[in-house]
Each structure stands twice: as structure tokens, then as C-alpha cells.
1. Set Lys and Arg Cβ to +1 and Asp and Glu Cβ to -1, take the dipole of segment 29-225 about its Cα centre, and tell me which of TRP133, TYR210, TYR198 lies farthest positive.
2. Could you list which residues have their amide H under 5 Å from that of VAL155, counting only those 5 or more apart in sequence or on another chain, with H placed in the peptide plane?
3. In the structure displayed, which of LYS95/LYS170; LYS95/LYS188; LYS110/LYS176; LYS122/LYS170; LYS90/LYS164 lie more than 21 Å apart, Cα to Cα?
4. Give the aspartates and glutamates reachable from LYS109 as a straight Cα distance under 16 Å; neighbours fewer than 8 places away on the same chain don't count.
5. Under the Karplus relation 6.51 cos²θ - 1.76 cosθ + 1.60, θ = phi - 60°, what is the ordered set of whole-Hz ³J(HN,Hα) values for segment 33-50, x standing for Gly and Pro?
6. Provide the per-residue ³J(HN,Hα) series for segment 190-200, in order, calculated from phi with Karplus coefficients 6.51, -1.76, 1.60 and θ = phi - 60°, each as a whole number of Hz, with x at glycine and proline positions.
7. Within a 10 angstrom radius of the beta carbon, how do GLU208, GLU124, GLU174 rank from fewest other beta carbons to most?
8. Answer with one residue from THR148, ILE70, VAL80: the one whose Cα lies farthest towards the positive end of the charge dipole of segment 29-225, charges on Cβ with Lys, Arg +1 and Asp, Glu -1.
Amino acid sequence: MKKAFLAAACIPLMLAITTAQNRQANEQKYKLTSEQLDQEGRKLDARIVSLAAKMADVIKKYNMLKAPDIRIIPYQTTFVQGSDFIELTKYSFVKEDIYERDIVGVQSKKIKIYTNGQTISKIESEIYDHNYWAGSTNIVRIIDPSPTSEGTDDVLFTHAVNGKIYLENKKLGEVKNSTAYPIRNELKRDFFVPHMQYFAGTLLFIAESYMKGMKDSEAGMMEFLKKSKKY
């Protein structure tokens, strides 16, 4: 009887110990997962900042803020120089689904780089989608007030659909980033990094094409002047 009583008394104790161990294991697992999430976020931040620094280097190296007569740019892309900014916009036209003949909308992504020709002080972006037939407009505007500084928590997002604002100046650092809903990291990985990569590559292409055109013009002038020795 005594042994049976002791055995019965041990069961709740063992269950309590097992429950506590499982809780500790789950908490440790969650902690490790959360740390991995934070680590990934920091790596993505570093990538975003490095792409902004790459843009600043291209602008400085090729004197892009003051370079005259830039003519070679990618298809369906505009390039605008201001006194303190460079703006790039990529357009895509949407055709109707069945015959793909009629244009029913336009989509664009834009980046406006504020610069003094040496460094970058701010980057503004806009993602725009307008459907003519549906009469719908979807816009997200993004402002990075410190693009070459460490971290991206201060980046602001404003989202409007048909003129109605759903998010206004939402800080990236305030976007949900739990292990169940890692929205902040997904936003960085699946939008922010590709967005910056695209425009950093586009800016470099324009700069190198401009420089090549200058060298070709100079080489052409040199060849013409060489021929003058014959007369």
C-alpha cells in the first residue's frame, strides 16, 4: 500500500517536471529562432546600406549629378537630374489578358536619390500601379532619411489605395517581425534589397554607358585630328 501511494504521489511530480522541461525547451527554441530572425534582419540591413553606398560611389566617381547630355538609358526608363537629386523611373505597361493588344494600365517603380554629388542624404521611392479599366490606383511611398547609416528601422512607408491611406509613415522598425509573422524581414528580403539592387545596377549602367560615349567621342576627335597631318 505504501509503495502504491508513493508511486501515485510521484506521477504528478514527474508530469510537472516533464512539463517544465518541455516549456524550457520551447522557450529555448523560440529564443534561438528569434535570435536567428534578428541576425537575418541585421544582414539584410547591411546589404541595403551597402547598396546605398554603392549608389553614392557611382554618383561621385562618374560625376552623375552634373554630367551633361546623358542619352543612353535602359528601355522604358527615365533619368532626371536636379540641383540636389537624381531620379530614376522604370515603367511597365499592362495589357489586357485575352488578346494582349490594349493597354489597360501602367506600373512604375521610382527612386529619387538626394545627393550633393559626393554623398547621399536621403532616398525616396515610389511603387505605383494604375489600372485604367478598373479605375484603381495603388501607391506605396518609401522614405529612407539616412540611407548610408546603420540600420533601417527609421525607413517610413505610406500606402494608399484609390486615394485612401491605409498606412501613413509607418516605420520599418515597427512592422511585425515575430517568428510566426516575420513581415519585416520578408519586406527587406523580398522588396527592399531587390529594389535597391535594381536601381544600383541601372545607375551603374547609365554611368558606364555615358563614360564610354565620352571616350568614343574623344577617340573619334583624335582620329579626325590625326588625319589633318595629311593636308
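Every read-out reported here was derived from the displayed coordinates using simple, explicitly stated rules and does not represent laboratory data. As the structure is a computational prediction, the values presented were derived from the model and not from experiment. Virtual Cβ from ideal backbone geometry, glycine too; neighbours counted across all protein chains shown.
1. Positive-end residue among those listed: TYR198.
2. Those qualifying (amide H under 5 Å, at least 5 residues apart or on another chain) are LEU172, GLY173.
3. From the list (LYS95/LYS170; LYS95/LYS188; LYS110/LYS176; LYS122/LYS170; LYS90/LYS164), the Cα-Cα distance tops 21 Å for LYS95/LYS170; LYS95/LYS188; LYS110/LYS176; LYS90/LYS164.
4. Reachable aspartates and glutamates: GLU87, GLU124, GLU126, ASP129, ASP144, ASP190.
5. For segment 33-50, the Karplus curve yields 5, 5, 5, 4, 4, 5, 5, 4, x, 5, 5, 5, 4, 4, 5, 4, 5, 5 Hz.
6. 9, 10, 4, 5, x, 4, 5, 4, 4, 6, 5
7. Taking fewest neighbouring Cβ atoms as first place, the list is GLU174, GLU208, GLU124.
8. Ranked along the dipole, the leading option is THR148.
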